[in-house]
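Participant: Sharing a structure with you now.
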Amino acid sequence: IVLFTDGVDTTSEDAFYDETIKRAENSDTLIFPIYYNTSTKLLGKRKKKKSRYRNRILKDYKLGKMYLEELATSTGGRIISPDSTPDGLNAAFKAIAEELSYQYNIGYYPTKEGVPGQRRKIKVRVYRPNLNIRARDNYIVKK
């Protein structure tokens, strides 16, 4: 999934941070958030003054970015900020396509079976220099 967002939830009533992370992990879907920081547009002229509104907005955006980073990491994806790279969105899609072309799926049989819903830690290691490994550090036992 490629998700275009600033990470700030302004309308959900039944969505919760931990619950959506857990659901994403259980989906076995890679999520690549494309992060746009829209706080400067929202704050506009209030930038110069210290205010509760400004502090709340900045806090919400910090939490939103943290959420997107955790969402990407927990699903095996990666957060991308097109504003911080030359050629922005084109570079973001190129990076995602390239990453998916080098992706491998691995599996194993654990020595102990887990209980459905249980979180199990894993660590992927390779014995080859100059490789960049990005892998989930846990999985949820399924039925």
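Participant: Go through Gly77, Gly64 for me and flag whichever is surrounded by 15 or more Cβ atoms within 10 Å (Cβ to Cβ), modelled with pLDDT of 85 or more and either on the phi > 0 side of the Ramachandran plot or part of a helix (DSSP H, G or I) (or both).
Facilitator: Only one candidate passes the filter, namely Gly64.
Participant: Looking at the structure I just gave you, is Lys59 within 30 Å of Asn138 (Cα to Cα), at pLDDT 90 or above and open to solvent by 80 Å² or more (accessible area, probe 1.4 Å)?
Facilitator: Taking the combined requirement at face value, the residue satisfies it.
Participant: Something else now. Looking at Ile31, Ile96, which one is touching a residue at least 40 places away in the same chain (Cβ under 8 Å), in contact with a helix residue (DSSP H, G or I) (Cβ under 8 Å, 6 or more places away or on another chain), open to solvent by less than 60 Å² (accessible area, probe 1.4 Å) and not basic (Lys, Arg)?
Facilitator: Ile31
Participant: Quick one: is Glu69 of a type in the set (Asp, Glu) and modelled with pLDDT under 90?
Facilitator: Numbers: of a type in the set (Asp, Glu): yes; modelled with pLDDT under 90: no.
Answer is no for this residue.
Participant: Run down Thr38, Thr11 and say which single residue is open to solvent by less than 100 Å² (accessible area, probe 1.4 Å), more than 21 Å from Ala95 (Cα to Cα) and more than 13 Å from the chain's Cα centre (by Cα).
Facilitator: Just one listed residue meets the conditions, Thr38.
Participant: Could you run through the stretch 106-116 and say how many residues are open to solvent by less than 100 Å² (accessible area, probe 1.4 Å) and either modelled with pLDDT of 85 or more or in contact with a Pro (Cβ under 6 Å, 6 or more places away or on another chain) (or both)? Please lay out each step first, then the result.
Facilitator: Here is the first cut: in the stretch 106-116, the ones open to solvent by less than 100 Å² (accessible area, probe 1.4 Å) are 107, 110, 114-116.
From what is left, the residues that are either modelled with pLDDT of 85 or more or in contact with a Pro (Cβ under 6 Å, 6 or more places away or on another chain) (or both) are 110, 114-116.
Counting residues in the stretch 106-116 that are open to solvent by less than 100 Å² (accessible area, probe 1.4 Å) and either modelled with pLDDT of 85 or more or in contact with a Pro (Cβ under 6 Å, 6 or more places away or on another chain) (or both) gives 4.
Participant: Please count how many residues of the stretch 103-143 are touching a residue at least 60 places away in the same chain (Cβ under 8 Å) and aromatic (Phe, Trp, Tyr).
Facilitator: 1
The values are calculated or read from the model by the stated rules, or taken from the named source; none is laboratory data. All values reported here derive from a predicted model rather than from experimental measurement. Positions of Cβ are backbone-derived with ideal geometry, glycine not excepted, and every protein chain shown enters the neighbour counts. Side chains are part of the model used for accessible areas, which takes the heavy atoms of the whole protein and leaves out ligands, DNA and RNA. Shrake-Rupley method; radii C 1.70, N 1.55, O 1.52, S 1.80 Å.
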